[in-house]
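Quick one: structure below, then a few questions.
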Amino acid sequence: ALLAIIFSTMAFVPPLFAAFVGIAVLIALRELTDAFKARDIQTNYLHLALATSLVLVSAWVGGLPGLSVSIVIGLIGMLFLTLLKGTEGFVKNATASAFALLYPGFVAGFIFLLARSGEGFSYIATLVILVGCNDTFAYISGVLFGKHPLAPKISPKKTWEGFVGGLIFTAVGSALAFYYLLDHHPLIGAAAGVAGVVAATVGDLVESAIKRDLSIKDMGTLLPGHGGMLDRLDSALITAPVLWCCIELLKRFS
């Protein structure tokens with residue numbers, strides 16, 4: 001259902017795609033701020049939601065300059081509002097607020113940068129292929145062959161076998177996507193796929209580390225079988241900036 005919404009809105013009404021992603025990011029932000037409360041970390045969801053909306057709208061309307069300027073304004077604003085509450089717990093609360101604005105807000109802005117391009121559908125399709133291949137084949141490879149934990153203290157179920165399986169199939173999927181969708185050499189696509197897998201794995205581990213630190217199993221219960229919205233978005237959020245960088249480098253040096 002999520003894929004149907006993503007591709008249909010991106011193909012026919014891109015602003016609706018932006019709105020859909022924006023809502024998903026705000027839901028993920030709500031999950032994160034609620035999770036902070038488990039460790040008595042105080043953040044203001046309304047302020048963060050407004051700042052995140054500013055960042056995402058600026059990315060959609062103004063591109064990279066809009067994203068860059070808005071995140072600076074948002075960070076300054078969040079630090080100022082946190083300062084008004086006093087000095088007790090300031091470092092803890094201000095750091096959490098800044099983190100919540102950067103993740104998921106700022107990194108989600110790169111999904112908007114990909115989507116607003118003239119080749120937005122191809123870029124988003126490529127992003128979905130990268131994330132989907134890695135999630136699917138890393139899981140299958142891990143279940144079938146997984147024996148050696150990748151990061152036992154952070155995510156015990158992740159294995160090196162799963163990582164390698166995801167890496168191989170994602171490189172193949174990315175090579176095909178870059179060749180047929182973006183008109184680039186398959187080897188370039190494979191290299192981008194490898195970078196994407198590393199980024200997606202970091203995204204998974206970051207979210208796992210957050211949950212372990214806050215002593216929670218899932219960020220939420222919105223998506224049956226997946227947990228919360230942030231549990232579903234974690235890979236895409238970190239992969240999007242990497243894919244955007246790969247595409248920008250190709251534009252400048254190909």
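The values are calculated or read from the model by the stated rules, or taken from the named source; none is laboratory data. Note that this is a predicted model, so its numbers are computed, not measured. As a convention, Cβ positions derive from the backbone with ideal geometry for all residues, glycine included, and neighbour counts pool all protein chains shown. We work out accessible area using only protein heavy atoms, side chains counted, and drop any ligands, DNA or RNA first. Shrake-Rupley method; radii C 1.70, N 1.55, O 1.52, S 1.80 Å.
Pull out the extension gain between residue 40 and residue 194, defined as 0.36 nm times the separation in residues minus the alpha carbon to alpha carbon distance; nm, one decimal.
So the chain would gain 51.6 nm between residue 40 and residue 194.
Leaving out ligands and nucleic acids, and using a 1.4 Å probe, what accessible area per residue does the chain come to in Å²?
Roughly 49 Å² per residue, with all protein chains present.
Taking the inverse of the average 1/r across all pairs of different Cα atoms in segment 67-128, what Kirkwood radius in Å do you get?
The answer is 13.2 Å.
Tell me the Kirkwood radius of segment 163-254: reciprocal of the mean inverse pair distance over distinct alpha-carbon atoms, in Å.
Computed over segment 163-254, the radius equals 14.2 Å.
If the elastic network links every pair of Cα atoms under 10 Å, which of 59, 18, 151 fluctuates the most in the Gaussian network model of the chain?
Fluctuation is largest for 151.
To the nearest 20 debye, what charge dipole does segment 85-241 have about its Cα centre, counting +1 at the Cβ of each Lys and Arg and -1 at the Cβ of each Asp and Glu?
400 debye
Normalise the Cα radius of gyration of segment 107-225 by 2.2 N^0.38 Å (N = residues in it) and let me know the number.
This ratio for segment 107-225 stands at 1.14.
Full-extension gain between residue 19 and residue 172, please, as 0.36 nm times their residue separation minus the C-alpha to C-alpha distance.
Fully extending the segment from residue 19 to residue 172 adds 52.0 nm.
Right, another one. Taking the Cα-to-Cβ direction at residue 73 and at residue 250 and moving 7 Å from each Cα, how far apart do the two end points lie in nm?
Going from the residue 73 label point to the residue 250 one covers 3.3 nm.
Once the dipole of the chain is set up with Lys and Arg at +1 and Asp and Glu at -1 on Cβ about the Cα centre, which of 82, 7, 179 lies farthest towards its positive end?
Of 82, 7, 179, it is 82.
Note the listed values (i) 0.98; (ii) 1.00; (iii) 1.02, then indicate which one is Rg/Rh (Cα atoms, Kirkwood Rh) calculated from this particular structure.
Matching the structure shown: (i).
Now a separate question. Between rounded, prolate and oblate, where does segment 1-73 land on the alpha carbon gyration tensor, with a ≥ b ≥ c its root eigenvalues, rounded for a/c under 1.5, else prolate if a/b exceeds b/c?
oblate
Also, I was wondering about something else. Segment 54-177: D in µm²/s via Stokes-Einstein (Kirkwood Rh, Cα pairs, 4 °C, 1.567 mPa s)?
The Stokes-Einstein estimate is 75 µm²/s.
Rounded to whole Hz and in sequence order, give me ³J(HN,Hα) for segment 176-186 from the Karplus expression 6.51 cos²θ - 1.76 cosθ + 1.60, θ = phi - 60°, writing x for Gly and Pro.
So the J values, rounded to whole Hz, are 5, 5, 5, 6, 8, 9, 10, 6, 10, 4, x.
Sticking with this structure for a sec: Please work out the Cα center distance from segment 1-39 to segment 62-140, rounded to the nearest Å.
What the calculation gives is 12 Å, centre to centre.
Taking H as built 1.01 Å from N, whose amide H comes closer than 5 Å to the amide H of residue 150, not counting residues under 5 places away?
The answer is 158, 159, 160.
Using +1 at the C-beta of Lys and Arg and -1 at the C-beta of Asp and Glu, which of 93, 52, 129 has the Cα lying farthest in the positive direction of the dipole of segment 29-130?
Value computed over the given set: 93.
Within segment 148-254, report the trypsin sites (Lys or Arg not before Pro) that DSSP leaves as loop and that have at most 11 other Cβ atoms within 10 Å.
153, 217
Related question: Given the Cα-Cα distance of residue 160 and residue 187 and 0.36 nm per residue of separation, how much length would full extension add, in nm?
The residue 160-residue 187 span can extend by a further 7.4 nm.
With charges only on Cβ, +1 for K and R and -1 for D and E, what is the dipole size of segment 1-91 about its Cα centre, in debye, rounded to 20?
Charge dipole of segment 1-91: 40 debye, to the nearest 20.
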